[in-house]
Amino acid sequence: MRADRLLSILLLLQSRGRMTARDLAEHLEVSERTIYRDIEALGMAGIPVYAERGPGGGCSLMDGYQTRLTGLTESEIRALFLLKMVGPLADLGLSKALDDALMKLTAALPAAQRHGAEQVRQRIYLDIAGSGLSEEALPQLQTIQEAIWQERRLVISYCNGNSGNGTYSNQQIEPYGLVSQDKAWYLVGAVCGEDEKQVFSVARIKTATMSTECFARPEGFDLPVYWAAQKKENMREFNKKNGLPPTKKTHIKKTNLVCSGTSSLLVCA
């Protein structure tokens, strides 16, 4: 939409200063002619922006023009910019959305805080290789995510076995949330008509269709709390199976989902 593009041009110029029409065009995936028309539209709207053609030229805002964002502390700003990571967000198709959001935040920060935000990238690096992009193609992930946001039921074809060698069963489920762990995605939900929550490996979902039927999310359900409890129970079962003390901390290399029939249990192996 043009309104989004005009806002993006304004924020880019605020955060980066002078930019050539070519750079703006490449960033926004439009022609240079479109950029010049947009610059003219911003000027007509009262934004003090101008463009100079030729060598050394470019597009920029008049000195001193800046929107402001106040109320954020230095620690809060640093925390927000540490969110800039690949992996799970890329799987969900949200990495560009995060880039755009941080660009808007950068443009709105006062100059001193903007410099501090830039320093975050040079001083702290989160190596999240263990939680990077999924090693498997997950074509159903976007549909599942949308169903969760809209609280709509899902009809899935699910593999009840390891490595895709098992049989497939069709199930209608109520999706409560997605969890990313060790380069794998898991869906937490419940089979329609059943109260017990289950964990499904997204890699084992062959097809997923969002239903027109909505569902009521369980009151008080907390996804992080549920997942933490599952991991604790899995560790207890793993230690029991291997003759280890209940409190023994064991290094677990991989998490698998073992299924039987229509039920599923997340176990460590």
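The values are calculated or read from the model by the stated rules, or taken from the named source; none is laboratory data. Please read all numbers here as calculations on a predicted model, not as lab measurements. Every residue, glycine as well, gets a Cβ built from its backbone with ideal geometry; the counts of neighbours run over all protein chains shown.
So the values come out like this:
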| quantity | calculated |
| --- | --- |
| Residue in segment 173-187 that is more than 26 Å from Ala137 (Cα to Cα), touching a strand residue (DSSP E or B) at 6+ places or on another chain (Cβ under 9 Å) and modelled with pLDDT under 80 present | no |
| Scan of segment 198-221 for residues that are at pLDDT below 90 and over 23 Å from the mean Cα position of the chain (by Cα), ordered by number | Pro218, Glu219, Gly220 |
